[in-house]
Amino acid sequence: VIREQTGLEVLIACGENGDEVPKRRLADFPAIACTAQVFINWLKRGLLRMDDLSLLIIDEVHHAVKSHPFVIIMKEFHAKAADPPPFLGLTASPVTSTSSADNLVLMRMGLQELSVTCSQARFYLPA
């Protein structure tokens, strides 16, 4: 979708091809779409730095609790970067259990896990 809508070259990496390192520097790609674990592996190996990014988008951010890879990315790399990129967390399903209020509390806790204070968070919920 990114390529179709913007014309940008997109590097796509997941578990199957995540260990394959492109011949070009990762930071030279205008857009990268990858799994959280592949991203962590690249960061740990020094193939990519948070400071190389202009925007970090995490989809399905409602999974960011406890020791989920999203939490590791934010705590071990984003929070420690000299010039961290802006962070945009997306979710289409913030309400997954019986109580909407309970889910909002869980989402706020998840944002705190990601080193984002609730005063900085903006929740946009469907009507």
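The values are calculated or read from the model by the stated rules, or taken from the named source; none is laboratory data. Keep in mind that this is a model prediction, so the values were computed, not measured. Note: ideal-geometry Cβ built from the backbone for every residue, glycine included; neighbour counts use all protein chains shown. Surface accessibility is based on the protein's heavy atoms, side chains included, excluding ligands, DNA and RNA. Shrake-Rupley method; radii C 1.70, N 1.55, O 1.52, S 1.80 Å.
If I compute solvent accessible area with a 1.4 Å probe over the protein chains, what percent of it on segment 5-77 is carbon and sulfur?
On the way: 2240 of 4390 Å².
Looking at segment 5-77 in its full context, I get 51 percent from C and S.
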Cys34 long-range amide H proximity, modeled H, under 5 Å:
Ala13
Burial ranking of peptide ranges 20-27, 32-39, 55-62 (average Cβ count within 10 Å, highest at the top):
32-39, 55-62, 20-27
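Accessible area per residue of segment 1-84 at 1.4 Å probe, in Å²? Mind dumping the intermediate values first?
Numbers: 5400 Å² over 84 residues.
Result: 64 Å² per residue.
Assuming a strict under-19 Å limit between Cα atoms, what lysine pair count do you get for segment 1-98 once near-sequence pairs (fewer than 8 apart, same chain) are dropped? Mind showing how you got there, number by number?
Details: Lys23/Lys44; Lys44/Lys75; Lys44/Lys80; Lys66/Lys75; Lys66/Lys80.
Here the count comes out as 5.
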